[in-house]
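Derivation of every value follows stated rules applied to the coordinates shown; laboratory data play no part. The structure displayed is predicted, hence computed values, not measured ones. Every residue, glycine among them, receives a Cβ derived from its backbone with ideal geometry; neighbour counts consider all protein chains shown.
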Amino acid sequence: MLAFFSSAKCPASLIIKAHDYTKEIRDGEMGIISGFHSPAEQEVLEVLLKGRCPIVVVLGRRLKNARIPAVWKTEIEKGRLSVISPFKEYQKYVTKEMSMKRNDLAARIAGRVLIVHVSEGGSLGGQVEKWKSEGIQVNDLDKEIHYA
């Protein structure tokens, strides 16, 4: 399994690169896990949904009463997509802390992470350093390191 992350502010050129890379892996057997929240992550999910690989969406809010998009429901019924959440309590808005907890869960489940982009001074950068120090494999899409 591979966790996929990007900061919300991501250059368009890297979103395109993530799109192209995802097209290469979407029909494989490797599962992809993410919160699919940032624009780059959403682009990745859109491409993945056109393929066959397993997908795990980690919500940044509780699962109970969550609105699940129709296209996700179709993939859930096929057994291809799973939706999980580390949260039990209701919170109307996803906070920075919740996003970090969501990302941390995805990285730990996968054991390896692919980063599209990390904004300078953003919280994802701190998480990347923490994951590296804990032995989680972290690669950078911009350096063209591929798992496929």
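Details
- Region 2-143: relative contact order in percent, alpha carbon pairs under 8 Å with at least 6 residues between: 30 percent
- Zone residues, region 13-52, relative to Ser119, backbone N less than 18 Å from point 7 Å out along Cα-to-Cβ: 13-16, 35-44
- FRET efficiency for Met1 and Asp140, using Cβ-Cβ distance with R0 set to 25 Å, rounded to 0.05: 0.85
- Between amide H atoms placed 1.01 Å from N, distances below 5 Å from Ala3 occur with Ile33, Arg112, Val113, Leu114, all of them 5 or more places distant or on a separate chain.
- Simple label model, 7 Å out from Cα along Cβ direction - Ser13 to Lys88, nm: 4.8 nm
- Karplus (6.51, -1.76, 1.60) ³J(HN,Hα), θ = phi - 60°, over region 25-41, in Hz, Gly and Pro reported as x: 10, 5, 9, x, 9, 5, x, 10, 10, 5, x, 6, 9, 6, x, 5, 5
- Against the set (1) 38, 33, 28; (2) 49, 35, 25; (3) 84, 45, 25, the structure's computed Cα extents along the principal axes in Å falls on (1).
- Loop-resident GluC sites (Glu not before Pro) (DSSP state other than H, G, I, E or B) in region 1-68 with no more than 14 further Cβ atoms inside 10 Å of their Cβ: Glu29.
- Amide H partners (placed H, <5 Å) of Val83, local residues excluded: Val57
- In this rough spin-label picture, where each label sits 7 Å from Cα along the Cβ direction, the Lys130-Met100 distance is 0.5 nm.
- Each residue of region 93-105 is assigned a 3J(HN,Hα), and the resulting list reads 10, 7, 9, 4, 5, 5, 4, 5, 5, 4, 4, 4, 4 Hz, derived from the Karplus form 6.51 cos²θ - 1.76 cosθ + 1.60 (θ = phi - 60°), x at Gly and Pro.
- Which of Val138, Met98, Ser7, positive extreme of dipole for region 2-143 (C-beta unit charges): Met98
- Cα centre as origin, Lys/Arg/Asp/Glu Cβ charges: region 2-143 dipole, Debye: 580 debye
- Non-local Lys pairs in region 19-148, i.e. 8 or more apart or on different chains, that have alpha carbons under 16 Å apart: 8
- Karplus-derived 3J(HN,Hα), 6.51/-1.76/1.60, for each residue of region 111-121, Hz, glycine and proline x: x, 8, 10, 10, 9, 7, 7, 10, 6, 4, x
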